[in-house]
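Here's the structure, in C-alpha cells; my notes come after.
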Amino acid sequence: MYDVVIIGAGPSGASLARFLDKQYRVLLIDKRNLDEWPPLVNKCCGGLLAPDAQNILGRLGLGIPGEVLTGPQLFSVRTIDRDHGLERYYQRYYINIDREKFDRWLCSSLPEHAEKKFNTLFLSYKRDEKGLVIKYREKGVISEARTKILVGADGAASRVRRQADPAFGKASYLALQYWFMTQRESPFYTSIFDRTVTDFYSWIIQKNGHLIVGSALPPGEEARQKFEGLLDRLKGEGLITGEPVKKESAFINRPRDMKSIRTHRGEVAFTGEAAGFISPSSAEGISYAIKSGLLLAESINTNFPCFQKVYRKKTAALKFNIWLKNRKLPFMYNRVLRRLILASGIFSMKIR
Ligand SMILES: Cc1cc2nc3c(=O)[nH]c(=O)nc-3n(C[C@H](O)[C@H](O)[C@H](O)COP(=O)(O)OP(=O)(O)OC[C@H]3O[C@@H](n4cnc5c(N)ncnc54)[C@H](O)[C@@H]3O)c2cc1C
C-alpha cells in the first residue's frame with residue numbers, strides 16, 4: 001500500500017515527490033520515458049522561465065545546470081498588435097530553457113523513497129473499503145496499486161481530475177506549436193495579438209537554431225485553419241521561412257474564474273495545471289506548478305492523510321494571484337484598452 005501515488009512527473013509532480021517526507025511510501029507515474037534517451041514524447045511548451053519560476057527555484061536552493069539552458073537568452077518582448085497595426089518592445093527577464101531537459105533534470109535528483117514508474121500510463125482509479133485502487137499500464141501489462149492519497153499532477157487535460165471531478169470537462173484552449181529552422185538571430189520573444197486567430201495570443205520564440213511559432217486557440221474545427229492562416233501571414237512578412245520540421249499540440253487551461261480551480265476531491269488532490277494553477281494572462285505555468293507541488297507536499301507532511309483543509313488554505317494566495325491576473329486581462333485583451341496602452345508607449349523601450 002502506497003501513502004501517496006502521484007500521476008504526472010512534470011514540474012508539479014516532481015516538486016511534490018521531491019518534498020514529501022521520507023516516512024511516506026511514494027509512487028510517481030508518468031507516461032513519458034523520462035529516464036531514457038531519446039524522449040518518445042515531448043512536453044509541448046515555450047520553455048521560458050519567468051521571474052516567478054526563477055524566484056521559487058532560487059528559494060528552493062535549486063540552480064539550473066548549463067545543459068538545460070538553450071539560446072539565445074531573451075531580454076525583450078516584441079508585442080505585435082495586429083488588430084491595430086501597432087508594435088512595441090518591453091524589457092523582460094526570461095530564461096530560455098530546453099523544456100524536455102528541464103523536466104528530466106527535475107526528476108533526476110528525486111529522493112530514493114520516491115519510486116518512479118516512467119513509460120507508464122495511468123488509466124483509472126476506484127474507491128473500495130480499504131482506500132483507493134489505481135490502474136495503470138506498464139510495458140503493455142495492466143496492473144493495480146493501492147494508495148491512501150492519489151494526486152493528479154497530470155497537466156491541463158488531467159485524467160485524474162476528469163474522473164474525480166466530472167464537471168471539470170475539457171481544457172479551455174488548444175495550443176499548436178510548429179518548429180522552423182532558422183539561421184537568423186531573432187533575439188526577442190514575440191507575442192502577437194490578432195482577433196482573427198484567437199482571443200488569447202500567439203508567440204514566436206527562438207530556440208537552438210529554430211523558431212517556434214505557437215498559438216493558444218479556442219478548441220474546435222477551425223483552430224488549425226486559423227493557425228495555418230497566421231503562419232501564411234508570418235511567411236508573407238518574412239518572419240518565418242520554409243516548412244515546419246516539428247509540429248506539436250497540447251491542451252492548455254485558462255482559469256477565468258475561481259470555480260475552475262480545484263485543490264482536491266476527497267482523498268484525491270490536484271496540483272499544477274491539473275488544479276487550474278496557470279496564469280490566465282500569459283499562460284505561464286511552471287512557477288504555479290512548482291509552488292503548488294511544494295504546498296501540497298507541506299500539507300501532506302503536516303496533516304497526513306487529512307491534507308485537504310491545510311492545502312486549500314495554503315493555496316489561497318495562488319488563487320488570489322490568478323484572480324488578480326484576471327483583473328489585468330482587459331489591459332492586454334480588450335482591444336480599445338490595449339490600443340491606448342500601446343499607442344501611449346508607456347513602459348516600452350526603443351530598439352536600435
Ligand atoms: C504550448 C505551450 C507553451 C507553454 N509555454 C510556457 C512557458 O514558456 N513558460 C511557462 O512557465 N509555462 C508555459 N506553459 C505552461 C506550462 O507548460 C504548464 O503550465 C506546466 O508544464 C504545468 O506543469 P504540470 O506539472 O502541472 O503539468 P505538465 O507539465 O503538463 O506535466 C504533466 C505530466 O503528466 C503526465 N501525464 C499526463 N497524463 C498522464 C497519464 N494518463 N498517465 C501518466 N502520465 C500522464 C505527462 O506526461 C506530463 O509529464 C506552456 C504550455 C503550453 C501548452
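Brief remarks on what is shown
- Condition check for residue 112: charged (D, E, K, R) and assigned to a loop (DSSP other than H, G, I, E, B): yes
- When residues of segment 91-113 are limited to those that are within 16 Å of the ligand (Cβ to nearest atom) and touching a Phe, Trp or Tyr at 6+ places or on another chain (Cβ under 9 Å), the one farthest from residue 67 (Cα to Cα): 92
- If only residues of segment 45-59 that are at negative phi and not in a helix (DSSP H, G or I) are counted, the one that is surrounded by the fewest Cβ atoms within 10 Å (Cβ to Cβ) is 50.
- In this structure, residue 62 does not satisfy being near the ligand (Cβ under 10 Å from one of its atoms) and either surrounded by fewer than 17 Cβ atoms within 10 Å (Cβ to Cβ) or not β-branched (Val, Ile, Thr) (or both).
- Evaluation of residue 323 against the conditions (1) surrounded by fewer than 22 Cβ atoms within 10 Å (Cβ to Cβ); (2) under 20 Å from residue 90 (Cβ atoms); (3) not charged (D, E, K, R) shows that the sole unmet condition is (2).
- Among (1) within 12 Å of the ligand (Cβ to nearest atom); (2) in contact with an Asp or Glu (Cβ under 6 Å, 6 or more places away or on another chain); (3) part of a strand (DSSP E or B) - the single one residue 42 does not satisfy: (3)
- In summary, residue 288 fulfils each of the numbered conditions (1) more than 11 Å from the ligand (Cβ to nearest atom); (2) assigned to a helix (DSSP H, G or I); (3) under 18 Å from residue 251 (Cβ atoms) with the single exception of condition (1).
- Test: residue in segment 24-36 that is hydroxyl-bearing (Ser, Thr, Tyr) and either closer than 26 Å to residue 251 by Cβ or without any contact (Cβ under 8 Å) to a residue 60 or more places away in the chain (or both): no
- Failed criterion for residue 166 (all others in (1) more than 15 Å from the ligand (Cβ to nearest atom); (2) under 23 Å from the mean Cα position of the chain (by Cα); (3) farther than 26 Å from residue 120 by Cβ hold): (3)
- Residue among 302, 271, 315 that is closer than 24 Å to residue 154 by Cβ and without any contact (Cβ under 8 Å) to a residue 60 or more places away in the chain: 315
- A Cβ distance below 8 Å, combined with a sequence gap of six or more or placement on separate chains, defines the contacts here; from segment 51-66, residues that are within 18 Å of residue 92 (Cβ to Cβ) reach residues that are more than 16 Å from the ligand (Cβ to nearest atom) and not basic (Lys, Arg) in the pairs 57/63.
- Selection of first residues in segment 137-161 that are within 16 Å of residue 25 (Cβ to Cβ) and touching a residue at least 40 places away in the same chain (Cβ under 8 Å) and of second residues that are within 13 Å of the ligand (Cβ to nearest atom) and among the hydroxyl-bearing types (Ser, Thr, Tyr), restricted to Cβ pairs under 8 Å at least 6 apart or on distinct chains, gives the following pairs, ordered by first then second residue: 145/136; 150/125; 151/271.
- Checking 143, 202 one by one, the residue that is closer than 24 Å to residue 252 by Cβ and among the hydroxyl-bearing types (Ser, Thr, Tyr) is 202 and no other.
- Strands (runs of 3 or more DSSP E) contained in segment 184-280 and holding at least 1 residues more than 12 Å from the ligand (Cβ to nearest atom) and charged (D, E, K, R): 246-252
- A single entry from 334, 321, 303, 326 fulfils the requirement of being polar (S, T, N, Q) and within 16 Å of the ligand (Cβ to nearest atom): 321.
- Subset of segment 124-163 [within 15 Å of the ligand (Cβ to nearest atom), among the aliphatic types (A, V, I, L, M), surrounded by 14 or more Cβ atoms within 10 Å (Cβ to Cβ) and assigned to a strand (DSSP E or B)]: 134, 145, 150, 151
- Considering segment 92-119, the residues that are polar (S, T, N, Q) and modelled with pLDDT of 95 or more include one that is surrounded by the fewest Cβ atoms within 10 Å (Cβ to Cβ), namely 119.
- Filtered residues of segment 3-33 (kept if in a strand (DSSP E or B) and away from the ligand (no atom under 12 Å from the Cβ)): 3, 4, 26
The values are calculated or read from the model by the stated rules, or taken from the named source; none is laboratory data. Every value quoted in this text rests on a predicted model; they were computed, and no experiment measured them. All Cβ positions, glycine included, derive from the backbone under ideal geometry; neighbour counts span all protein chains shown.
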